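Enquirer: Supplied in structure tokens, the structure appears directly below.
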Amino acid sequence: MDSKADAHRMEKIVSLCKRRGFIFQSSEIYGGLNGLWDYGPLGVELKRNLKNYWWRVTVHERDDVVGLDGSILTHPAVLKASGHVEGFSDPMIDCRTCKAHLRLDQLVEKKGIKQCPSCGGKDLTEARQFNLMFETHVGAAADESSIAYLRPETAQSIFVQFKNVLEVSRKKLPFGIAQIGKAFRNEINPRNFTFRSREFEQMELEYFCRPEQGMELLEYWREERLKFYESIGISRANLHVRNVPDEERAFYSKGTYDIEYDFPFGRHELEGVAYRSDYDLSQHQKASGKSLEYFDEETKEKLIPHVVEPSAGVDRTLLALICEAYAEDQAPNDKGEMETRTVLRFHPRIAPIKCAIFPLLKNKEPLVVKAKEIVQLLRPHMTVFYDESGAIGRRYRRQDEIGTPFGVTVDFETLGERDAALRDTVTLRDRDSMKQKRVAIKDLVETLTPRIR
């Protein structure tokens, strides 16, 4: 696919996200806030499903991982010890021609001359460091003593609570602490829809280990994370592992992998899996004066654990899910004529709505009553949607476009009006194949549950 086709595809995805209630521009009626997004009724369900599944496979299905939910407002001493106060910045350039604010690495080079990517201008300011953290004040006074920060990552709260979690969980090395939460970065130039935002969510794991286990666990978690993306419906063919070279890694990292995805706007990072050595715990132990050592009861040895960190972006992963799922094909309309169908082929476990229920006609009371009974039957087991308006074909299309994997239609056969043998059966339609089959109402839960879980 060429760049124009990719751009056109991305435009369609962005349009669909707003039209069907996945993602809205934040404060849109006031002109919007750049780099900030609100998730609508379908987007919030998709996001919740993603986070819940990550938590399930990372925490609930393992004996060696526990959870934490740290505060967003962060003590400045924490971020000073971690290096964020002094070093969390990007080199920034201004274009004097079009007034664009740009990161240094966004400039394009033609014939050895740096140019603005927006207007091609060559009149650029000198690079200056721009701190990416949002600063605020805690309490009544607004002076240096009240400074706090909106956390730029979720990891630091895990490190500073390491000893407390260790004592209450009674875990032995290796073990992990997981967290899902908001982080904030004052990006110079947010772009590519929700990919680079100023407010975002992370799914992060700090997996603590002995020094000699670090490199082996780095490889282990790289593979585990690839399996995760495949299990939520992202094709392995569109995932790529980049071994980050020494000159690009953080100085404390002994190895880092970037898991990248082929977005319509290019190949970009979904997640980093980094072996951070013992840098973080050592820094906080030194700065706080409090021991963050691990005591091995068997060997009677004290050590600062090393850590492997798989850190994924919720918003980036959600965008990848939508891009991966988006498809167009040909399907017959109500008149039997072939037309283009837009469909989101979400994996059923991730889809915002699992099953839609339709009475064939909304003015036929027995059909409506039976359809609403099925809604109540399925609702305790899955997210369902009831729709009685419009031709049945158009209702199918609406659900296809938001990624609902299954549709249940209550028709005259359900009432036994045409064949007594089909009484209390419904038409079950598959989104991807569009094939239909008769299923007894009493068997719907048993039929659908394994397919969505």
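Read-outs: derived from the displayed coordinates by stated rules, not from any lab. Nothing here was measured: the structure is a model prediction, and the numbers come from that model. Glycine gets a Cβ as well: all are built from the backbone with ideal geometry, and neighbour counts include every protein chain shown.
Enquirer: Considering all alpha-carbon pairs of segment 1-132, what whole percent are spaced by more than 18 angstrom?
Expert: Details: 6592 of 8646 pairs.
Summing the P(r) tail past 18 Å for segment 1-132 gives 76 percent.
Enquirer: Follow-up. Please report, for the Cα atoms of segment 148-227, the Rg to one decimal and the Dmax as a whole number; what are they, in angstrom?
Expert: Gyration radius and largest Cα-Cα distance of segment 148-227: 15.5, 44 Å.
Enquirer: Specify, per residue and in Å³, the volume enclosed by the convex hull of the alpha carbon atoms belonging to segment 201-293.
Expert: 131 Å³
Enquirer: Under the Cβ-under-4.7 Å rule, which cysteines of the chain stay unpaired?
Expert: C17, C209, C323, C355
Enquirer: Taking the Cα centroid of segment 252-304 and of segment 123-162, what is the distance between the two, rounded to the nearest whole Å?
Expert: 21 Å
Enquirer: What's the long-distance tail for segment 387-432, i.e. % of Cα pairs beyond 12 Å?
Expert: Value for segment 387-432: 63 percent of Cα pairs lie more than 12 Å apart.
Enquirer: What translational diffusion coefficient, to the nearest whole µm²/s, does segment 233-362 have by Stokes-Einstein, given a Kirkwood radius computed over alpha-carbon pairs, a temperature of 37 °C and 0.692 mPa s viscosity?
Expert: 170 µm²/s
Enquirer: Shifting gears a bit: What is the distance in Å between the Cα centres of segment 1-64 and segment 323-392?
Expert: 21 Å
Enquirer: Sticking with this one: If one puts a single equal scatterer on every Cα of the chain and applies the Debye formula without solvent, what log₁₀ I(q)/I(0) results at q = 0.09 Å⁻¹?
Expert: Values returned for q = 0.09 Å⁻¹ are -0.73.
Enquirer: If you average 1/r over every pair of different alpha-carbon atoms in segment 364-416 and take one over that average, what Kirkwood value in Å do you get?
Expert: It is 12.0 Å.
Enquirer: What do you get for Rg/Rh over segment 51-123 if you use C-alpha atoms and the Kirkwood form of Rh?
Expert: Result: Rg/Rh = 1.28.
Enquirer: Using bins 10 angstrom wide from zero, how does P(r) for segment 355-453 break down, in % of all Cα pairs?
Expert: Over segment 355-453, the share of Cα pairs per 10 Å bin runs 16, 54, 28, 2 percent.
Enquirer: Right, another one. Scan segment 104-145 for trypsin sites (Lys or Arg not before Pro) in coil per DSSP, keeping those whose Cβ has at most 15 other Cβ atoms within 10 Å, and list them by number.
Expert: The qualifying sites are K111, K122.
Enquirer: State the dimensionless ratio Rg/Rh of segment 77-192 (Rg: radius of gyration of Cα atoms; Rh: Kirkwood radius).
Expert: Numbers: Rg = 19.8 Å, Rh = 17.5 Å.
Reported Rg/Rh, Kirkwood definition of Rh: 1.14.
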